[in-house]
Amino acid sequence: NDLMFFVLSFYFKFNNPIPKLILVEDGDTNILEELLKTKVIIPQKGKKKEIIKLGKMNAKENYERKTLEKRQIEENIKILKDILGLEKLDRIDVIDNSHLQGSYLVSGVIVFENGAFNKHKYRKYQIKSFTGIDDVRAMKEVIERRYQNDDCDLLLVDGKVQQVNGALEAFQKLG
């Protein structure tokens, strides 16, 4: 049963706390009660039945919104891919340098992959090759460190022409 699979996944796989009462529209409440060690009911009328109705309505709206967002992202990626003349655009990386009042220079890389942000691939880099503030050198260092064993279809550089030229030089050095 899809509902039972969803309920069990929600509480066990995703490690959500199990409430004292779970409302379901249908299914075998005895099995769920036994596995979850909590009360599970199928409301027939009243406020609890309305909660089920609202939950279904919210789930439907959320699904429709996410589906529309996904389609819009796919369409925007296709447009960008066409404008740039790329055959594929599965992964976009963004690099930005930052510092705290002129010291502690760091760079961050975020990754947008297959239509979603991939936080597992985000990285923060402490600049090691020099001290002081030099965004171009920092950009080169991060690109050389990150992309000697990694790749992306498009790299966006947050900076000015100097940072972009530094990025190009770093990629040329990598081959």
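The values are calculated or read from the model by the stated rules, or taken from the named source; none is laboratory data. Model, not experiment: these values are computed from the prediction. Cβ placement follows ideal geometry from the backbone for every residue including glycine, while neighbour counts extend to all protein chains displayed. Each accessible area value is taken on the protein alone, full model and side chains, heavy atoms only, with ligands, DNA and RNA left out. Shrake-Rupley method; radii C 1.70, N 1.55, O 1.52, S 1.80 Å.
Would you please list the contacts, defined by Cβ atoms under 6 Å and residues six or more apart or on different chains, that run from a residue in the range 125-139 that is of a type in the set (D, E) to a residue that is part of a helix (DSSP H, G or I) and buried (at least 18 other Cβ atoms within 10 Å of the Cβ)?
Pairs found: D135/Q163.
Please note which helices (runs of 4 or more DSSP H) are completely contained in the range 1-116 and include at least 1 residues that are open to solvent by 50 Å² or more (accessible area, probe 1.4 Å) and under 30 Å from R145 (Cα atoms).
46-84
Anything in the range 147-161 that is over 16 Å from S98 (Cβ atoms) and either in a loop (DSSP other than H, G, I, E, B) or in contact (Cβ under 8 Å) with a residue 24 or more places away in the chain (or both)? List them, or say none.
Passing the criteria: Y147, Q148, N149, D150, D151, C152, D153, L154, L155.
When you go through (1) surrounded by fewer than 17 Cβ atoms within 10 Å (Cβ to Cβ); (2) within 22 Å of E87 (Cα to Cα); (3) modelled with pLDDT of 95 or more one by one for K124, which number turns out not to apply?
(2)
May I ask you to list the residues in the range 97-138 that are of a type outside the set (G, A, S) and within 26 Å of E75 (Cβ to Cβ)?
V109, I110, V111, F112, E113, N114, F117, N118, K119, H120, K121, Y122
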